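What follows is a set of notes on a single structure, which appears directly below.
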Amino acid sequence: MQDTGSRVQESDAGVQGMQETVNKNPESRIPNPESRILLHTTAEDHHIARMAAVALGLTLLEGAIPSPLPGVKPGLANIVTLIVLARYGWRTAAWVSLLRVFAGSLLFGNFLTPGFFLGLSGALLSLLVLALAQHLPTRWFGPVSHSVYAAFAHIAGQMAVVYLWLIPHAGIAYLIPIFATAALVFGTVNGLIAARFMDNANNGICSRGGAEKIK
Amino acid sequence: MNCPEIKVVEVLRHIKSGDWLTLVSGSICVVLVTLTLWSGELADKAVIRSGGKVYREVSLGRDQKIDVPGPLGVSVIAIENRRARIASDPSPRQYCVRQGWLQQAGEIALCLPNQVSVELVGSHKRYDSLNY
């Protein structure tokens, strides 16, 4: 977790650094140049930050969709995680996913609230399962499988936190079928969107703007 | 852009054979979980009897301890986390206490020497060889 925190700073500093290269004379803005902290960031850091920003945008979009039950959400941001996993590997996907959770909670003002820990536990367990699922033979298993497994892991992580910490009562078992059904449906849909998007981006038929945005 | 129309067949092409396996087994798991958790198998209330008569019927929703008097003394029935058990009983062999937690509808713990019993019932009573 502390690692991720430092990465958040790093990417913020990266954005700052980029702005300063645009600015011809940075000293004019900063009174004491020695006091500023500039972290050297790589192109990969910027890339991760950009992907996390796309994921954040999807989270924001999702917040506008009314939900019949609190906690049943499509998890659109996971589409980004799936695409990053397929293209750049698990490490990058983990950065993007966790950055999204931390930066998103800061953005929406629920950092360190129960909702934040629910999202974090879900994301961590999803990433754990994705680490295993990515080794499935790609000939037979695609993003749809990854997405469904990650969605199930997500609700499992959330239910574990709910049961162990928030509502230690067996009654929440009644909600598991609803969450499991939602995970199956939304997991499939997200996986299909991710698969279709990657297909389009590879063929270059359409959604060229989207492909540029993701690259 | 000249995006082609999204066709169902086109979309389904992205599901590989292993993905179908995942989806089918996932659906079976969801159905099984739903049947297990929503079938009314989980008990709703506990019927406590003493000396053959119904002493009290209590909901399992609230955690509590109930003292039930019998010929030998007081049996204590504990309700906790949608489960029920006989926490203590003056019977010599302590069979009903050692039976532990009851969770499913239809489960019953009997303390014969003290003539106390606790039975879990669900939303609908199922038939068995005793109750037909």
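Annotations for the structure displayed:
- For the residues of B:19-25, the average number of beta carbons from a partner chain within 10 Å of their own beta carbon is 6.
- Cα extents for chain B along the principal axes, largest to smallest and rounded to whole angstrom: 85, 33, 24.
- Computed FRET value (nearest 0.05) for A:A131 with B:L21, which takes r as the C-beta separation and R₀ as 22 Å: 0.65
- Per-residue shielding of B:101-109, expressed as the average number of other chain Cβ atoms within 10 Å of the residue Cβ, stands at 0.
- Peptide A:127-140, shielding by other chains (average Cβ, 10 Å cutoff): 1
- Judged by the mean number of other Cβ atoms found within 10 Å, the most tightly packed of the peptides A:161-174, A:47-60 leads the ranking A:47-60, A:161-174.
- Approximating the spin labels as points 7 Å out from Cα along Cα→Cβ, the A:L39-to-A:I65 distance works out to 3.2 nm.
- Short-range pairs are left out: with C-alpha atoms under 8 Å and at least six residues apart, the relative contact order of chain B is 22 percent.
- Neighbour-count ranking [beta-carbon atoms within 10 angstrom, fewest first] of B:S25, A:S105, A:S145: B:S25, A:S105, A:S145
- Spin-label model, A:N203 to B:Q64: label points 7 Å out along the Cα-to-beta-carbon direction sit 6.6 nm apart.
Rule-based calculations on the coordinates, nothing more; no lab input. A quick note: this is a predicted structure, and the numbers were derived from the prediction, not measured. All Cβ positions, even for glycine, are placed from backbone atoms using ideal geometry, and neighbour counts span all protein chains on display.
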